[in-house]
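Below is one structure; the comments refer to it alone.
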């Protein structure tokens with residue numbers, strides 16, 4: 001049996017958002033390939049960070065899930081199923097499915113570890129001999145987007161848990177010798193204001209991309225943004241309708257890029273130059289190399305190309321590396337000039 005669930009809350013159209021190209025591109029590439037590792041968005045207050053993140057979630061194609069499953073289990077892909085669903089499917093038993101919008105989960109600053117990861121009912125396990133698990137936010141975010149506003153103010157321990165789950169695609173909860181594991185594959189999006197402090201370099205490095213946004217200074221552009229917001233607030237449905245064709249076109253483009261991605265190739269000579277740039281910038285570890293390769297492929301797929309070109313790498317390299325140059329927590333993040341300078345020398349551009 002198939003049912004369709006609709007999100008009735010009006011969301012500002014992604015294609016109507018003016019400027020903030022770094023943020024928009026980073027989000028698009030991460031939804032094309034969630035293995036890029038998420039995006040950290042740093043910028044001034046009131047620059048539309050939350051609006052843009054909710055808008056990208058609303059743009060994504062609906063997903064098929066097992067009805068009433070707390071982990072949004074995929075009815076076909078074993079890697080995206082809970083153990084219970086996997087057991088049913090492996091026995092060739094049928095499951096009811098529903099179509100839902102891609103989950104968009106907000107993680108509040110005051111969230112506890114139990115709220116994030118979920119809790120095991122030890123008493124029930126001891127008295128009845130069954131594993132009773134209360135899912136947390138990581139379960140709800142599976143196959144969706146997990147958004148943490150003011151992530152730079154979140155406890156480092158919780159940030160570590162989020163990054164571990166985002167990297168592995170799984171969440172494990174252990175208590176009193178009882179262990180429960182469930183899929184937690186999501187795009188992690190963090191945002192914050194640099195005036196309130198940066199994340200430690202060790203944590204920042206684990207975000208795939210880093211986008212900087214600034215308050216628009218051009219008076220004409222500011223007036224346009226204010227007018228747009230006013231029109232949306234006055235009559236959301238009419239405003240959304242104005243952008244329906246652009247929204248459909250972008251949704252189709254993202255969907256096609258997701259399908260094309262596995263076939264995209266990046267030439268060995270370009271991979272060598274990517275690693276040469278990372279080496280010259282003295283980037284710790286290999287995360288930078290891996291993320292650039294993935295982001296470049298996603299960008300090529302987004303442009304409907306099967307082969308990565310130099311321009312694809314040029315477009316995304318600063319976003320993938322600028323936050324990996326910091327070693328001292330007191331240093332500010334480079335705007336991208338160092339990365340661009342080295343890239344120009346290596347790629348002769």
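The values are calculated or read from the model by the stated rules, or taken from the named source; none is laboratory data. Bear in mind the structure is a predicted one, so any value in this text is a computation, not a measurement. Don't worry about glycine lacking a Cβ; one is built from the backbone with ideal geometry, like all the others, and counts go over all protein chains shown.
List of remarks:
- With respect to (1) closer than 19 Å to residue 211 by Cα; (2) at pLDDT below 85; (3) part of a loop (DSSP other than H, G, I, E, B), the lone exception for residue 283 is condition (2).
- Within the range 65-84, restricting attention to residues that are touching a residue at least 40 places away in the same chain (Cβ under 8 Å) and outside any loop (DSSP other than H, G, I, E, B), the residue that is farthest from residue 256 (Cα to Cα) is 83.
- Check on residue 146, under 26 Å from residue 201 (Cβ atoms), surrounded by 19 or more Cβ atoms within 10 Å (Cβ to Cβ), in the same structural domain as residue 33 (by TED's automatic domain parsing) and touching a strand residue (DSSP E or B) at 6+ places or on another chain (Cβ under 9 Å): yes
- Flag if residue 182 is under 18 Å from the mean Cα position of the chain (by Cα) and surrounded by 14 or more Cβ atoms within 10 Å (Cβ to Cβ): no
Let's see how each residue does on (1) free of Cβ contacts under 8 Å to residues at least 24 places away in the same chain; (2) in contact with a strand residue (DSSP E or B) (Cβ under 6 Å, 6 or more places away or on another chain); (3) surrounded by 13 or more Cβ atoms within 10 Å (Cβ to Cβ):
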{"position": "201", "(1), (2), (3)": "no, no, yes"}
{"position": "210", "(1), (2), (3)": "no, yes, yes"}
{"position": "223", "(1), (2), (3)": "yes, no, no"}
{"position": "230", "(1), (2), (3)": "yes, no, no"}
{"position": "243", "(1), (2), (3)": "no, no, yes"}
{"position": "247", "(1), (2), (3)": "no, no, yes"}
{"position": "260", "(1), (2), (3)": "no, no, yes"}
{"position": "265", "(1), (2), (3)": "no, yes, no"}
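Residues are listed down the side, and each one gets a yes or a no for (1) over 15 Å from residue 176 (Cβ atoms); (2) exposed (fewer than 13 other Cβ atoms within 10 Å of the Cβ); (3) modelled with pLDDT of 85 or more:
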| site | (1), (2), (3) |
| --- | --- |
| 106 | yes, no, yes |
| 109 | yes, yes, no |
| 114 | no, no, yes |
| 122 | no, no, no |
| 129 | no, yes, no |
| 140 | yes, no, yes |
| 156 | yes, yes, no |
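- Count of the range 292-314 residues, restricted to those that are outside any loop (DSSP other than H, G, I, E, B), under 14 Å from residue 270 (Cα atoms) and either touching a residue at least 60 places away in the same chain (Cβ under 8 Å) or over 18 Å from the mean Cα position of the chain (by Cα) (or both), is 10.
For every residue, the table says whether it meets (1) under 23 Å from residue 324 (Cα atoms); (2) out of contact with any helix residue (DSSP H, G or I) (no Cβ under 6 Å at 6 or more places or on another chain).
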site	(1), (2)
262	no, yes
268	no, yes
271	yes, yes
280	yes, no
294	yes, no
300	no, no
313	yes, no
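Per-residue answers, yes or no, for (1) within 23 Å of residue 231 (Cβ to Cβ); (2) at pLDDT below 85:
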{"position": "14", "(1), (2)": "yes, no"}
{"position": "32", "(1), (2)": "no, no"}
{"position": "59", "(1), (2)": "yes, yes"}
{"position": "63", "(1), (2)": "no, no"}
{"position": "72", "(1), (2)": "no, no"}
{"position": "77", "(1), (2)": "no, yes"}
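- Test: residue in the range 92-106 that is outside the structural domain of residue 286 (by TED's automatic domain parsing), more than 15 Å from residue 190 (Cβ to Cβ) and in a helix (DSSP H, G or I): no
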